[in-house]
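Derivation of every value follows stated rules applied to the coordinates shown; laboratory data play no part. Keep in mind that this is a model prediction, so the values were computed, not measured. Heads up, the Cβs are rebuilt from the backbone with ideal geometry, glycines too, and the neighbour counts pull from every protein chain shown.
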Amino acid sequence: MSLQERLAQAKNRAQNDGAPVEKPADPTAPPTPPPPPPDGEPRDAEAEAEAAAETEAEAQEQHLAEEAAHARREHDRLAQLRRRIHEGLVRALGPQLYDESVDETELERRVRDELRKALEQETTPLSAHDRKRLVSDTLDDILYNGPIEPYLRDDTVTEVMVNGYDAVYVERDGRLQRTPTTFLDDAHLRRTIEKIVGRVGRRIDESQPYVDARLPDGSRVNAIVPPVSVDGPSLTIRKFARDPYTMSDLVEFGSVSKEAATFLRKCVEGSVNVVVSGGTGAGKTTLLNALSGFIPAGERIVTIEDAAELQLQQPHVLRLEYRPPNIEGRGEVTIRDLVRNALRMRPDRIVVGEVRGGETLDMLQAMNTGHDGSITTAHANSPRDSLSRLETMVLMAGVDLPVRAIREQIAAAVQVIAHVERLRDGTRRITKVSELVGMEGDIITLQDVYAFDYDAGMDEDGRFLGTLRPTGIRPSVSRRVKDQGIDLPAELFDTAPAAASR
Ligand SMILES: Nc1ncnc2c1ncn2[C@@H]1O[C@H](COP(=O)(O)OP(=O)(O)O)[C@@H](O)[C@H]1O
Ligand SMILES: [Mg+2]
């Protein structure tokens, strides 16, 4: 109900004072305020109506706030209960859970039994709906993810890697650790993989021996089985970061210097086209997400990804996701199809999760034709390497362009490359921020604006002491940024302060 409607209703009520106030039939309608006390005085119906409407609005606001607080409390309470019940079940059932001689229906029966017992002992009151939900969630947890289940629930673990049935690794704080957990054998691992991918409607078998998919919670799963995986099935789960890193987080971690972070922010605000390059797991998507966060709220953004990972907070975000072909090999919607379609959606900026093939040509063209400030990532070993990768990927579009023309396209489209690496010490850092400054003959000229200082050496724990330092170059992209009315202080590029602070 709009404020106007409420005002009218209240006015009506005030004028019909004395008549019994009818309760609204709609149960979601705000509570009716008590009728004004009869005081015999002639009253100003107008003012009273307004006052009534105001109280009503206030009451409703308070009501909503109370409801939200209640929902939060309920949610926490259920989460706690779920954890408690889950732990109890694992204790009660123990190794039976992973015992292969117990067949699946039998195991499910036992789990249900235990679950029933546990719920009977629970003193927390539960609605039928909550109860049903709790049972199905717990069954999922316990029956489907197998021995890696605890790591999937552990928030300090960012990645779970099953190299083989007896080699389960996790990543915590950027470091790989081997866990004591094992599957019973290849068959057990294989069954678990089938259950995990089956739950998201995918299939894995000899004819389709690998799957890349997104789980209901946003985590990404990749599974690959023989014959293409020579030593047995393997599974990698990159857990969904519920709270993605922002640029200030990255600064705090020492992944990027404050100056370089500011420079990159101003580039994004100033509609500079940026490519993030790096190896697998180096932090490309994370940086892309952090950079995209700087796109001004008024702009219309279309994101295109293999599996939707980006979490943008702006109001005008349209998210597109790759669709794999079905079992008969039909219905695939490629990243390239999506980039082309995105151009018809009147975007201000296009953000492509990662370019891997022919879509690179369309992306470069978009960057060159009015979609300034677009961002993407590419798999590469250095900024220079990313240029040759882009070139190769353009050729994958199947158009017959001379190399020089492709390079000209790249040089005109891309202004800045930020390169991320996972260093030997397990930390992830931006190791270079470079800019493209045109062509010399057939070669694209690239200059580093910031570079990681490897010369600083390592501390006793083997951690790199270096930082991302300015090279002293005043980037020529500055003019473009300043033309957008964004100031770019020269201090960002001074070598002196960083040297002094060491
Ligand atoms: N600067 C960073 N510091 C710490 N962890 C990071 C950093 N950047 C990324 N990560 C973590 O590293 C993992 C891989 O990052 P992601 O951005 O997905 O890599 P990529 O896209 O290059 O494969 C994720 O778990 C992410 O949270
Ligand atoms: Mg990625």
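Brief remarks on what is shown
- Residue ranges 407-420, 63-76 sort as 407-420, 63-76 when ordered by packing (mean number of other C-beta atoms within 10 Å per residue, highest first).
- Cα gyration tensor category, rounded, prolate or oblate, for the range 279-360 with a/c compared to 1.5: oblate
- Rounded, prolate or oblate (a/c below 1.5 giving rounded, otherwise prolate when a/b exceeds b/c) for the range 360-501 by Cα gyration tensor: oblate
- Cross-link pairs exceeding 21 Å between alpha carbons, from the set LYS195/LYS284; LYS258/LYS432; LYS117/LYS239; LYS239/LYS432; LYS266/LYS432: LYS195/LYS284; LYS117/LYS239; LYS239/LYS432.
- For the chain, the average shadow cast by the Cα convex hull is 34.8 nm², which is a quarter of the hull's surface.
- The chain: antiparallel DSSP beta bridges as a percent of all, rounded to 5: 65 percent
- Extension gain (nm, one decimal) between SER229 and ASP130, 0.36 nm per residue minus Cα-Cα: 31.5 nm
- Extension gain from MET458 to THR334, taking 0.36 nm per residue of separation minus the Cα-Cα distance: 40.2 nm
- Straightening the chain between LEU139 and ASP173 buys 9.3 nm, computed as 0.36 nm per residue apart minus the Cα-Cα spacing.
- Label-point separation, GLU108 to GLU46 (7 Å along Cα→Cβ), nm: 6.9 nm
- The label point for GLU66 and the one for LYS117, both projected 7 Å from the Cα toward the Cβ, are 4.2 nm apart.
- For the range 445-453, 3J(HN,Hα) per residue [Karplus equation, 6.51 cos²θ - 1.76 cosθ + 1.60, θ = phi - 60°, Hz, x = Gly/Pro]: 8, 10, 10, 7, 9, 10, 9, 6, 9
- Using bins of 10 Å that start at zero, the share of Cα-Cα pairs per bin across the range 284-436 amounts to 11, 39, 36, 13, 1, in whole %.
- Cubic angstrom per residue, convex hull over Cα atoms of the range 62-182: 126 Å³
- Among the GluC sites (Glu not before Pro) in the range 275-331, those placed in a DSSP loop whose Cβ has at most 11 other Cβ atoms within 10 Å are GLU328.
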